[in-house]
Amino acid sequence: MDERTPDASSATAKAGASGKGPKRVPRDNRQTVGTQHVPEPRMRCVDVNVYYGDKHAINNVSMDIGNNEVIAMIGPSGCGKSTFLRCLNRMNDTIDSCRVTGLIELDGRNIYDPKVDVVPLRAQVGMVFQKPNPFPKSIYENIAYGPRIHGLVNTKSEMDEIVETSLKRAGLWNEAKDRLDQPGTGLSGGQQQRLCIARTIAVSPEVILMDEPCSALDPIATSIIEDLIDELREHFAIAIVTHSMQQASRVSQRTAYFHLGDLIEIGPTEQIFTNPLHELTHDYITGRFG
């Protein structure tokens, strides 16, 4: 379902008619252009605002997180992309001055409903952080911790199966299977990040959020994580914040460009990087600012 705004459709139509390139939405127009909605979204966000005290950090953002896709959120530092990502599993609740308004639904249920328990919510919508943060426990216990506290297993054999399956999905099983009793902190940086991904997978989430998951990794480890992200989208909805436009172009099917708290443009990744509909997006993609 392509729900482009009239501005976006007009820009595309004029580009095709003139043959001289697109007439983009001007910089001072901050209304979102592009395809904000997808059929049967896993998560739906409508008019989301975030305030830190008196500071208005996110302005009326509406977008969907689709099933079996990676959506990349890009933009300059301080544009609000990580703040918005943290809204999706209520991580901003941990900041006293933070207030979130609008609607965010997971499978049609408002996650900010007072009746919603954030503990199971954060299992359903898991988070992988910028810096690998394995627990100070064994590799096995890093994976087993979540299923145990959420009551997902009854026997040791069931736990063994979850640990093995999670490590295999995270591409870490062959490297870790003979050292499951050793500390997770003893792994390399790239291995630790895959361990954190395996830990997230172990509680059977519906959505995985990744906040610059490769920024602390070398190119080889980054390539492994990117291949893993592509494999994981077959089973999960994934939203990733990245400062690397190259990474966004490699791993995502849809891209959202944020600027000073506004969602400026959202659409298919190839279109965003080759034919952006908004001047602000074009300026960022071409390196004119950001």
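Kindly evaluate P134 against the criterion of being touching a residue at least 60 places away in the same chain (Cβ under 8 Å) and either in a helix (DSSP H, G or I) or of a type outside the set (K, R) (or both). So P134 passes the test.
Note on segment 205-236: residues that are part of a loop (DSSP other than H, G, I, E, B) and surrounded by fewer than 17 Cβ atoms within 10 Å (Cβ to Cβ) total 5. Every test in (1) of a type in the set (D, E); (2) within 26 Å of the chain's Cα centre (by Cα); (3) under 24 Å from E231 (Cα atoms); (4) loosely packed, with under 15 Cβ neighbours inside 10 Å is passed by E161 save one, and that test is (2). Does segment 273-289 include one or more residues that are in a strand (DSSP E or B), at pLDDT 95 or above and not acidic (D, E)? Scanning segment 273-289, I find at least one residue that is in a strand (DSSP E or B), at pLDDT 95 or above and not acidic (D, E), so the answer is yes.
Being over 20 Å from M63 (Cα atoms) and among the charged types (D, E, K, R) is the filter here; which residues of segment 213-252 pass it? Hits for segment 213-252 are D218, E226, D227, D230, E231, E234, R250. Residue check: is S204 touching a strand residue (DSSP E or B) at 6+ places or on another chain (Cβ under 9 Å) and among the small types (G, A, S)? It is false that S204 is touching a strand residue (DSSP E or B) at 6+ places or on another chain (Cβ under 9 Å) and among the small types (G, A, S).
The values are calculated or read from the model by the stated rules, or taken from the named source; none is laboratory data. No experiment lies behind these values; they were computed from the predicted model shown. Glycine gets a Cβ as well: all are built from the backbone with ideal geometry, and neighbour counts include every protein chain shown.
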